[in-house]
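Note sheet for the following structure.
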Amino acid sequence: MAGRWRELGRYNAEGMGGGDALGLGIERMVTGLQSSPHSERGVAARLRYLTASEAGYAAMERAGINVTARTLYAWLAEERSPNVANRLKLDDAYWDLRRRNVAADLKRRLTSRGGTRIEINPVDQTRVEARHQRDLSTRRLTVRPRFWDAAVDAWLADDAEALDRIWDDLIPDLGSDYDAYSNVSSVGWAA
């Protein structure tokens, strides 16, 4: 899920919707292969991960990889190499499967001890004339488990509307100026 960074309003503040920032924050928690999908090592690692389970084959199908069993065996044996388009599809399939495989762990981590505290960074006002800038500071908020379960599910489904609704339900806990945080520059994990 990519955050949609954009210019906001008529005064040139920059940021993204809070739901987008929340999804991007969850996305940053997912780690995986660092090797390029275009290197032999990267292709081999992705193929090993994807062909280790039925879920991997389903991820390849969702990514649009339509090759014969013979071609797939040749890729696995490194007798043939996927073309550029299929390397990119393998990478998409890898990350799709990786996200699905870590979703339950993310929920456990984010809901443990009654929730996880986030840091909300306001919109970037560096391009806003001083007379139009608002006094916005970084805010911290503990997100309760029920919100995290829904947020991870929405992130996994790439459901931007659901993430926006979750964000709209969260920010009133910031107090009277909560609407100033409908759009933000980022969401991170508070200490």
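So which strands (runs of 3 or more DSSP E) stay within the stretch 102-191 end to end and still have 1 or more residues that are touching an Asp or Glu at 6+ places or on another chain (Cβ under 8 Å) and open to solvent by 90 Å² or more (accessible area, probe 1.4 Å)?
139-143, 183-189
Residues in the stretch 77-99 that are out of contact with any Asp or Glu (no Cβ under 8 Å at 6 or more places or on another chain), in contact (Cβ under 8 Å) with a residue 12 or more places away in the chain and loosely packed, with under 14 Cβ neighbours inside 10 Å: Val84 only.
Which residues, counting only those in the stretch 118-140, are of a type outside the set (S, T, N, Q) and without any contact (Cβ under 8 Å) to a residue 40 or more places away in the chain?
First, pick out the residues of the stretch 118-140 that are of a type outside the set (S, T, N, Q): 118-120, 122-124, 127-132, 134-136, 139-140.
Scanning the stretch 118-140 gives Ala130, Arg131, Asp135.
Filtering the stretch 23-41 to residues that are outside any loop (DSSP other than H, G, I, E, B) and free of Cβ contacts under 8 Å to residues at least 40 places away in the same chain leaves Arg28, Arg41.
Residues of the stretch 9-54 that are surrounded by fewer than 13 Cβ atoms within 10 Å (Cβ to Cβ) and within 26 Å of Ala162 (Cβ to Cβ): Gly9, Arg28, Thr31.
The values are calculated or read from the model by the stated rules, or taken from the named source; none is laboratory data. Here the structure is a predicted model, which means the values were calculated and not measured. Neighbour counts are summed over all protein chains in view; Cβ atoms, including those assigned to glycine, are modelled from backbone coordinates with ideal geometry. Note: areas computed on protein heavy atoms with side chains; ligands, DNA, RNA excluded. Shrake-Rupley method; radii C 1.70, N 1.55, O 1.52, S 1.80 Å.
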